[in-house]
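Taking it in order: structure first as structure tokens, then the write-up.
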Amino acid sequence: MNRIARGSLLGIEHMEAAEIVGLLKLARRMNPFKPRPLLRGKRVLLLFYEASTRTRSSFEIAAKSMGAMTTLVLSSGSSIEKGESLLDTAYTLRAVGADLIVVRHPNAGAPLLMAKHLDIPVVNAGDGMHEHPTQALLDAYTISRHKKSFKGLQVVIVGDIYHSRVARSAIHLLSKFGARITLCGPPEFLPELATSLAPGLHITRSVEEAARKADVIIVLRVQKERLAGMKIKLQDYIARYQMTMTRLKLAKRDALLMHPGPIIRGLELTWEVADCPQSVIVEEVRNGVPVRMAILAKALGRAR
Ligand code: ASP
């Protein structure tokens, strides 16, 4: 088996808790408005085969603010459209001088494949329905700004868990630190099998039951691009699972309302919920920058 390129960040599942704590501490020292030139002279390639707003822009700002040069390669408008394979694209980017590649890909395992064939770090910016480790890290960072400890924290994840790499990474991360996780959604979006992701996961079909006493509620987007063949009716979903103020009020008074974005107002949450005082959705986006600064600095051996 090929070795995985040193410094790569491919998923949360196999990360040590100490490594996660180290990254979160490093992120606290990162100030995007007073950055240190830790990555001067480095070239960061952003390779995106799927749409992205937050992840892409925050990686770019994180890299640039530390003095790195960045280049964006999208699947449309590049040789990927002509049929170039993932590995050939990766070798090309290495040949033009990439020191690190951030990749988002519709297939689970694409970043791992690249990391096995390259000698530079690969950072997973979301691979299919597998993992989105940098989102989990920025969510953990956001939670840690509001809550004393993850241990015993009642975290509820509502919605399209089946298709969600965000849910998978969050479950792996929060369960390593003793959070009590409840997953909530209709059977199509939440098969019983989901409990095998981590020990002690609780499943409920009732959003009211899930919300009761929650410290953190993470609402997920319905991933329409991955729904092919599913019979779920959006109207039914909205009636039973949409996060409304009435449902949110069942949670603890200081509960955090989170969402990885993009939010679809009127579908998985109401307008009012998106903008309510408990919502930290914009803060999650903002925290993406220092967290990704820490991830890049660490991956390139420049963490100080
Ligand atoms: N932005 C997140 C992701 O890329 C969540 C989403 O798209 O719904 O996985």
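The values are calculated or read from the model by the stated rules, or taken from the named source; none is laboratory data. Just so you know, these numbers come straight off a predicted model, no measurement behind them. Please note: Cβ atoms are built from the backbone with ideal geometry, for glycine as well, and neighbour counts cover all protein chains shown. We work out accessible area using only protein heavy atoms, side chains counted, and drop any ligands, DNA or RNA first. Shrake-Rupley method; radii C 1.70, N 1.55, O 1.52, S 1.80 Å.
Structure data summary
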| quantity | calculated |
| --- | --- |
| Hits in region 142-182 (condition: within 16 Å of the ligand (Cβ to nearest atom), β-branched (Val, Ile, Thr) and part of a helix (DSSP H, G or I)) | THR142, VAL166, ILE171 |
| Subset of region 16-70 (residues that are part of a loop (DSSP other than H, G, I, E, B), polar (S, T, N, Q) and open to solvent by less than 40 Å² (accessible area, probe 1.4 Å)) | SER52 |
| Residue within region 76-85 that is within 16 Å of the ligand (Cβ to nearest atom), touching a strand residue (DSSP E or B) at 6+ places or on another chain (Cβ under 9 Å) and either touching a residue at least 12 places away in the same chain (Cβ under 8 Å) or assigned to a helix (DSSP H, G or I) (or both) present | no |
| Unique match (being closer than 18 Å to ARG165 by Cα, in contact with an Asp or Glu (Cβ under 8 Å, 6 or more places away or on another chain) and open to solvent by 30 Å² or more (accessible area, probe 1.4 Å)) among ILE203, ILE218, ILE232 | ILE203 |
| Among (1) assigned to a strand (DSSP E or B); (2) closer than 17 Å to TYR49 by Cα, the one test that ALA115 misses | (1) |
| Pair list, Cβ under 7 Å, 6 or more apart: region 278-304 residue part of a helix (DSSP H, G or I), other residue open to solvent by 10 Å² or more (accessible area, probe 1.4 Å) and of a type in the set (Lys, Arg) | VAL285/ARG54; GLY288/ARG54 |
| The listed residue being within 16 Å of the ligand (Cβ to nearest atom) and closer than 26 Å to LYS148 by Cα, out of LEU227, LEU201, LEU220 | LEU220 |
| Residue list for region 137-164, filter: free of Cβ contacts under 8 Å to residues at least 60 places away in the same chain and either among the β-branched types (Val, Ile, Thr) or buried (at least 24 other Cβ atoms within 10 Å of the Cβ) (or both) | ILE161, SER164 |
| Breaking point among (1) without any contact (Cβ under 8 Å) to a residue 60 or more places away in the chain; (2) touching a strand residue (DSSP E or B) at 6+ places or on another chain (Cβ under 8 Å); (3) within 15 Å of the ligand (Cβ to nearest atom), for LEU267 | (2) |
| Residue match in region 102-112 (condition: at pLDDT 95 or above, in a helix (DSSP H, G or I) and closer than 30 Å to GLU208 by Cβ) | no |
| Yes/no for THR134 being open to solvent by less than 10 Å² (accessible area, probe 1.4 Å), assigned to a helix (DSSP H, G or I) and within 16 Å of the ligand (Cβ to nearest atom) | yes |
| Residues (among the β-branched types (Val, Ile, Thr) and open to solvent by 10 Å² or more (accessible area, probe 1.4 Å)) located in region 281-291 | ILE281, VAL282, VAL285, VAL289 |
| Residue under evaluation GLY97, criteria (1) open to solvent by 40 Å² or more (accessible area, probe 1.4 Å); (2) assigned to a loop (DSSP other than H, G, I, E, B); (3) touching a strand residue (DSSP E or B) at 6+ places or on another chain (Cβ under 9 Å), criterion not met | (1) |
| Filtered residues of region 24-75 (kept if out of contact with any Asp or Glu (no Cβ under 6 Å at 6 or more places or on another chain) and basic (Lys, Arg)) | LYS25, ARG28, ARG29, LYS34, ARG36, ARG40, ARG54, ARG56, LYS64 |
| Index of the failed condition, TYR162 passing every other in (1) within 13 Å of the chain's Cα centre (by Cα); (2) under 30 Å from ILE232 (Cβ atoms) | (1) |
